[in-house]
Every structure is written in structure tokens, then in C-alpha cells.
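Undergrad: Right, I'll just put the structure down here and ask away after.
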Amino acid sequence: MALLIKGGEIITADSRSHCDIFIEDETISRIGVNLDVPPEAEVIDATGKLVFPGFIDPHVHIHLPFMATFAKDTHATASKAALIGGTTTFIEMCCPSRNEDALEGYNTWKQKAEGNSACDYAFHMAVTRYDEKTEAQLREIVRDGTASFKIFLAYKNFFGVTDEEMFYTLKLAAELGVITTAHCENAELVGQLQQLLLGEGKTGPELRGVKLYVESVLPHLLLDKSYAERPGVDGMKHVMSPPLRAKHNLPVLWDALQVGLIDTVGTDHCPFDKEQKLLGANAFTQIPNGIAGIEDRVNLMYTYGVKRGGLSIHRFVDALSTRPAQLFGLFPRKGTIAVGSDADLVIYDITYRGTISATTQHTNNDYNGFEGFAIEGRPSVVTVRGKVQVRDGFFVGEPARGRMIRRKPQYYAQGASHAD
Ligand code: URP
Ligand code: ZN
């Protein structure tokens, strides 16, 4: 299979150039001006369009038993929605509950995804309990190519770990060289660790310093708490965790994103339909929390960031593709346009004008939390490892093309840390 993408403007995290891209089999084999290619190669004319590396959503929930129900998407629906919106790889949170066996859970998640995803995917392994058996299983899971953990400090007794379990998880992650993503922080633990350090005779203020990276998610950049305060089910649609905040926080987040204090923008994609949200009609604590976004992240961030918000186009590519690839061990196979990289490409039509609507979405849900938001641009063609999967808003590809991307431990993530 040979494919030539001709005449587009390639945009990466740190460069832009008018070049052709030649793809053989699944990877980019040449990049250059007026490339001479075999006559049998399929040609896509990208004149007047931008060519981005396939976008990576580093935080999604697809199979998710949660709050007495299940998130609505399947791997088939979510992956097609992702691709139509320009996301070519997602990293799903594998979240067995605290009472379940970690390895059994991991295998369940893998089986659900295998042969059912139209785009590539990887997993963050949620550590929801930590004992000797879990530790041995986590070692096996990392050997299998799942090189990142997730811990929840919220959701005590379900996904949440105790402080001690968190401590041992982080210790194991450091030993194995895998990165840990975390939901929130914990003041109680700060107090406990202070006592530990004092007990070790460490009385000075100097600190070892740790590598810390920051993710924000689409709803927190575009929605504020007034959405969750709407009456009835309209408010419930916007219940997520951590909750939407006051509007004055949004410009602060956008500024932090622009200067790179926020490394990545994911979605925390987690659709629940209206009937599910109404499980919490009599008690807000029972509202399944989550907002979908896998389909709309790229278009909304391009429109409200790059077009209207002054976000640099390179930071946009960086936060939505390159940085997640670097932090989670997918780079340079994913996250950039370079010779040898997977040919995951988004040919982006900046002249498209549209409106987000549940009536046209592919995500499996009966509303859209961003209903009515205008978009200025959308993917015209999306390829996954050289195969055209989307054309102008329609899925046209192979439903089972997606593969699990096995990742190696990194020991340290590439790029500068905020502790440096
Ligand atoms: O509200 C959210 N974020 N739902 C998904 C589960 C989680 O907390 O990540
Ligand atoms: Zn989440």
C-alpha cells in the first residue's frame, strides 16, 4: 500500500513546511517537495489544508463499570468517534474495582478492545488495591507493554487507594520506570510524609524534587460550573469529577496551556446518557459523573484555542499529540510527522464551519455536553498507519484496524520537568 499526501502544509510541535508525505505500508518513508513516487501510489491532494500528526487522547474511559452503571461507548463507537474528530490513538483507563483481581481486569479490558477498535490504543493500568499479589500482577502487566499506572485518590472503597497503597504504587512505578497518572492530591498524606522525613532526621527545607506533569481536560477549558447548575437533567449532564469550576479560572488555564505549564489536554471522555444521569435525580451523589469529548476535542481546541484564543498552533499540536506521545512512551512512533513514524495523519480543513450537535455525533450518547458550540475546522482525511479511515466526517475504513500499542518503561519521561 503506497499513499502520497500532496501539497499540504505540515504542522508539528515545532515546525511548519509545505511538503509532500509518502507512505509505504504503515509508516512515513519520505517527506519532501514534489516527491517522485511510483505511478500506482494513491494520491490525496491536501492543497490549502493543514497536515497534523494524528492526535492522541491520553485520558479516556470506554469500558467503565462505575456508579451502578456502565459508560455508554463501546470500543467500536468510541474509536470511530475519535477518528472522525482526528484522534488516531487513545489511552484508556483500565479500571477494575478494588474487589477485583488486577490481572483479570486487565485481560477483560484487553479482550473488550481487541478486534473492536478502528484506531490504535494503549492502556493506563489503574491500581485500585495494592498487596503482594497485585504487585506481582502489575509487574506482569508492565512486561505486557502497559507502561503507565493510574491512581485515584477520590472514590474511596471503589477505585480509590489508601495513602499507603499509593506510596507503594509510586515506589513500584519508580522501580519499573513507568509513569503514574493521578486523580487529585491528598493533604493528609503531606502531613504523614512530613513526619516520616522528620523521623529520618531530614529537618531542612531542601527537597529531592520529582518529575511532575500536568494534564487538563477539555471540559475544564471550555465549560464552567454554571453548566452544572442548570436545572434538572441539563445540569446533571455536566457533572464530572473534579467538578467544573468558576468561569474566572478558564483564562488562567488557557494561559498555563500556552506557556506549557499544562503539558497535555485530554478529554476524560466518559459518556452517560440522560437516563443514567437521572439515577441521581434525588441525590447528587448518585449522578454518574463524566462528560464525553473524544470526538470534539481537536475541533474545539483548534477553534477556541488556535483560531479564537491565541493558542499557538505548535502548542496545540504539542499538547494534543506530541506531549502525550512523549510522556506515555509512544514517541516518535506516534505524536509527530517524521520518516519512520506511523502514518497517523490528520489532513485538516480550516474552511469548514459547523456546530457541535448530538444529532450528528458518533459518540454513543443522547446529548452532547458541548451542544451548540461553533467549530471552525475539521478533519478532512484521517489515516491510521497509512490507511484512510475518515473522509469529511464519515468513517470509511476498517472497523478493526486498531492495535494495542505496547510501550516500554521509560525510567524518565522525555522533555524538561517542572521540577528541573
Ligand atoms: O467525571 C469523571 N471524570 N468521570 C470519569 C471517571 C474519572 O473520575 O476519571
Ligand atoms: Zn478519568
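Undergrad: Quick one: would you say Thr89 is crowded, with 24+ Cβ neighbours inside 10 Å, hydroxyl-bearing (Ser, Thr, Tyr) and away from ligand 1 (no atom under 16 Å from the Cβ)? It would help to see each step written out before you state the result.
TA: Numbers: crowded, with 24+ Cβ neighbours inside 10 Å: yes; hydroxyl-bearing (Ser, Thr, Tyr): yes; away from ligand 1 (no atom under 16 Å from the Cβ): yes.
Considered against the rule, which asks whether it is crowded, with 24+ Cβ neighbours inside 10 Å, hydroxyl-bearing (Ser, Thr, Tyr) and away from ligand 1 (no atom under 16 Å from the Cβ), Thr89 comes out as yes.
Undergrad: Among residues belonging to segment 62-96 that are in a loop (DSSP other than H, G, I, E, B) and of a type in the set (A, V, I, L, M), point out the one that is farthest from ligand 2 (Cβ to nearest atom).
TA: Among residues in segment 62-96 that are in a loop (DSSP other than H, G, I, E, B) and of a type in the set (A, V, I, L, M), the one farthest from ligand 2 (Cβ to nearest atom) is Ala68.
Undergrad: Filter segment 45-81 down to residues that are open to solvent by 20 Å² or more (accessible area, probe 1.4 Å) and away from ligand 1 (no atom under 16 Å from the Cβ), then give me how many there are.
TA: Total meeting the criteria: 8.
Undergrad: Looking at Asn99, Asn107, Asn157, can you tell me which residue is within 16 Å of ligand 1 (Cβ to nearest atom) and either at positive phi or open to solvent by 30 Å² or more (accessible area, probe 1.4 Å) (or both)?
TA: Result: Asn157 is the single residue among Asn99, Asn107, Asn157 that is within 16 Å of ligand 1 (Cβ to nearest atom) and either at positive phi or open to solvent by 30 Å² or more (accessible area, probe 1.4 Å) (or both).
Undergrad: Pull up segment 315-364, narrow it to residues that are among the hydroxyl-bearing types (Ser, Thr, Tyr) and assigned to a helix (DSSP H, G or I), then point me to the one that is surrounded by the most Cβ atoms within 10 Å (Cβ to Cβ).
TA: Across segment 315-364, the extreme among qualifying residues is Ser321.
Undergrad: Right, something else. Pairs only if they're at least six apart or on different chains, beta carbon under 8 angstrom, first in segment 91-115 and over 19 Å from Asp268 (Cα atoms), second open to solvent by 50 Å² or more (accessible area, probe 1.4 Å) and within 16 Å of ligand 1 (Cβ to nearest atom); list them, first residue then second.
TA: Hits for this filter: Arg98/Asn157; Arg98/Phe158.
Undergrad: Quick one: in segment 283-293, of everything that is away from ligand 2 (no atom under 13 Å from the Cβ) and assigned to a loop (DSSP other than H, G, I, E, B), which residue is farthest from Met67 (Cα to Cα)?
TA: Ala283
Undergrad: Can you pull out the residues in segment 247-280 that are surrounded by fewer than 16 Cβ atoms within 10 Å (Cβ to Cβ) and in contact with a helix residue (DSSP H, G or I) (Cβ under 6 Å, 6 or more places away or on another chain)?
TA: If the condition is that a residue be surrounded by fewer than 16 Cβ atoms within 10 Å (Cβ to Cβ) and in contact with a helix residue (DSSP H, G or I) (Cβ under 6 Å, 6 or more places away or on another chain), then Lys274 is the only one that fits.
Undergrad: Filter segment 230-265 down to the residues that are in contact (Cβ under 8 Å) with a residue 12 or more places away in the chain, farther than 26 Å from Asp14 by Cα and of a type outside the set (S, T, N, Q) and list them by number.
TA: Our first condition is that a residue be in contact (Cβ under 8 Å) with a residue 12 or more places away in the chain; within segment 230-265, this holds for 233, 236-247, 249-250, 253-254, 256-258, 260-265.
Restricting the remaining residues to those that are farther than 26 Å from Asp14 by Cα gives 233, 236-247, 249.
Result: Val233, Met236, Lys237, His238, Val239, Met240, Pro242, Pro243, Leu244, Arg245, Ala246, Lys247.
Undergrad: Are any residues in segment 281-306 among the small types (Gly, Ala, Ser) and surrounded by 21 or more Cβ atoms within 10 Å (Cβ to Cβ), and if so, which ones?
TA: Answer for segment 281-306, where residues must be among the small types (Gly, Ala, Ser) and surrounded by 21 or more Cβ atoms within 10 Å (Cβ to Cβ): Gly290, Ala292, Gly293, Gly305.
Undergrad: Consider segment 271-313. How many of its residues are touching a strand residue (DSSP E or B) at 6+ places or on another chain (Cβ under 7 Å) and within 27 Å of Val381 (Cα to Cα)?
TA: 12
Undergrad: Scan segment 235-282 residue by residue and report those that are within 16 Å of ligand 1 (Cβ to nearest atom), assigned to a loop (DSSP other than H, G, I, E, B) and aliphatic (A, V, I, L, M).
TA: Answer for segment 235-282, where residues must be within 16 Å of ligand 1 (Cβ to nearest atom), assigned to a loop (DSSP other than H, G, I, E, B) and aliphatic (A, V, I, L, M): Val239, Met240, Leu244.
Undergrad: Scan segment 282-292 for residues that are without any contact (Cβ under 8 Å) to a residue 24 or more places away in the chain and not β-branched (Val, Ile, Thr) and jot them down.
TA: Narrowing segment 282-292 to residues without any contact (Cβ under 8 Å) to a residue 24 or more places away in the chain: 282-283, 285.
Those that are without any contact (Cβ under 8 Å) to a residue 24 or more places away in the chain and not β-branched (Val, Ile, Thr): Asn282, Ala283.
The values are calculated or read from the model by the stated rules, or taken from the named source; none is laboratory data. Keep in mind it's a predicted model, so treat the numbers as computed, not measured. Ideal geometry is used to build each Cβ from the backbone, glycine not excepted, and the neighbour counts take in all protein chains shown. In case anyone asks, the SASA skips ligands and DNA or RNA and just uses the protein heavy atoms, side chains included. Shrake-Rupley method; radii C 1.70, N 1.55, O 1.52, S 1.80 Å.
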